[in-house]
Structure formats: structure tokens, C-alpha cells
1. Among 202, 163, which comes first, then next, by fewest other beta-carbon atoms within 10 Å?
2. Helix 160-169: angle to the longest alpha-carbon principal axis of the chain, degrees 0 to 90, nearest 10?
3. If you rank 149, 197 by fewest surrounding Cβ atoms within 10 Å, what's the result?
4. Rounded to the nearest 0.05, what FRET efficiency do residue 211 and residue 29 have when you use their Cβ-Cβ distance and R0 = 45 Å?
5. Can you give the FRET efficiency to the nearest 0.05 for residue 192 and residue 147, using r as the Cβ-Cβ distance and R₀ = 51 Å?
6. Take the chain, connect every pair of alpha-carbon atoms lying under 10 Å apart with a spring to form a Gaussian network, then pick out the residue of 45, 183, 219 with the largest mean-square fluctuation.
7. Run the numbers for residue 46 and residue 237: contour at 0.36 nm per residue of separation, minus the present Cα-Cα distance, in nm.
8. If the range 7-70 were replaced by its equivalent ellipsoid, with semi-axes equal to the square roots of 5 times the Cα gyration tensor eigenvalues, what would those be, largest first, whole Å?
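Since every read-out is calculated from the coordinates, none of them should be taken as a lab result. Here the structure is a predicted model, which means the values were calculated and not measured. With ideal geometry, Cβ positions are generated from the backbone for all residues, glycine too; neighbour counts draw on all protein chains shown.
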């Protein structure tokens with residue numbers, strides 16, 4: 001028995017076809033949801049369900065107060081383990097523009113366990129949001145003890161490495177870096193910030209770095225949209241000849 005496609009998938013297929021054939025171009029705003037619902041003779045709820053399919057595929061993004069827009073093709077981004085570095089697929093260095101917001105706060109909730117400090121310990125948070133053009137691309141929250149916080153982190157940069165370099169100036173040499181990678185649904189705040197569908201999984205990376213005394217000197221929480229993110233981890237093994245030479 002042949003399954004009849006649902007109305008939302010029929011609508012999504014039609015809009016997707018218009019995008020793929022160039023009848024609706026990248027960056028173009030779609031008609032209002034009320035206009036589209038009338039055009040397809042469906043309820044607004046069904047129309048929004050169809051748009052959510054396209055949002056989940058990364059073809060359409062909804063900008064609050066402005067409408068639904070056809071997305072420009074997104075570059076894939078690769079997280080390089082151990083370096084807290086993001087690279088785009090077309091260049092070895094990140095071509096993304098990064099905005100940074102600095103906030104002094106006190107340790108609370110999960111931060112006390114993450115930083116291994118007592119409640120109310122002084123910390124500094126660096127909220128890093130990368131953009132490709134005008135569209136948000138990835139999100140990172142970096143925490144350091146207040147005494148290791150640089151005062152001249154740029155509020156805007158053309159790559160993540162320049163921000164990381166500033167954080168490393170006051171930081172003692174690292175002895176251990178622990179990274180945990182998981183896939184999960186985005187929080188409402190993450191979905192709104194990255195302009196992604198709430199049903200699109202994100203790649204969540206927790207990175208904790210400690211110095212030679214065991215003190216946690218940096219913790220980073222990164223969120224990357226799962227439809228354009230990869231993570232690379234490289235392990236170097238010593239050969240028998242190198243072991244005998246030491």
C-alpha cells in the first residue's frame with residue numbers, strides 16, 4: 001500500500017524545489033507564514049510544521065521579527081581536539097568572524113564542578129559567537145579564574161586562534177586537557193542564538209584544561225550545529241626507537 005505524503009512534506013518538497021532550481025534565491029525572504037498558509041490552503045500550524053522541516057535541513061532560517069529566509073550554503077566547520085580551534089572546510093584557518101563578550105561572575109551551579117572551585121569563586125566568562133557573513137555559525141563559552149583573565153581580549157576577531165592566544169598569555173603551561181563530545185538537542189537559547197531548528201542536534205564539546213599542579217585554568221563549552229560540524233582528535237604514539245633514545 002502506497003503511503004500518501006503528508007501536507008507538510010508536500011509543502012516542504014515544493015519550497016525545497018523552488019530553492020534548488022533558483023526560483024527562490026539564497027538570502028531571499030519567503031512570503032509571510034499567513035500568505036504561504038493561504039497559498040497552500042493549510043492552517044498556519046501545518047505551514048509552520050513544513051517550514052520546520054526545511055529549517056532542520058538548514059535550507060531556511062527564521063529570524064525573529066523579520067521572517068523566514070533562504071540560507072546561504074554553510075561551510076562545514078571542524079573542531080580540532082586539544083587546541084580549541086575551529087577550521088572551515090575551505091581554509092586551514094577559520095574564515096569566521098568572532099564576536100566576544102566578556103563578563104565577570106561568581107562560580108555557581110555546574111561551574112563549581114567544571115572549574116573545581118567553591119561557590120562564589122571569581123571567574124571570567126568569554127562568550128564567543130562566530131559568524132559567517134551575517135549568520136551565526138557556532139557558540140562557545142570559555143571560563144577562566146579571574147586572576148588568569150586578560151584585560152585586552154578583542155571584542156571582535158577574524159579567527160578563534162587570536163582569542164585563544166590572548167587567553168594563553170597569563171595561563172601557566174597545560175599538563176592535561178580533557179574533552180567530552182556529545183550530540184544533543186539545542187537549548188531554546190542556543191537554537192535562538194544560532195538560528196537553528198530546535199529539532200536539529202548540536203555537537204556539544206566540553207573542554208577542561210589543568211596546569212601541572214592540577215588546577216583547572218580554563219573550561220570551554222562549545223556548541224556546533226550538527227549538520228555542518230566535525231571533530232578531529234589525533235593521538236601521537238611513541239615508537240620503540242624514540243622510547244629507547246629517552
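1. The order, fewest Cβ neighbours first, is 163, 202.
2. Result, in degrees: 20.
3. 149, 197
4. E(calc), rounded to 0.05, equals 0.35.
5. Computed FRET efficiency for residue 192 and residue 147 comes out at 0.95.
6. It is 45.
7. Between residue 46 and residue 237, full extension yields an extra 63.3 nm.
8. Values: eigenvalues 51, 37, 24 Å².
They are 16, 14, 11 Å, listed from largest to smallest.
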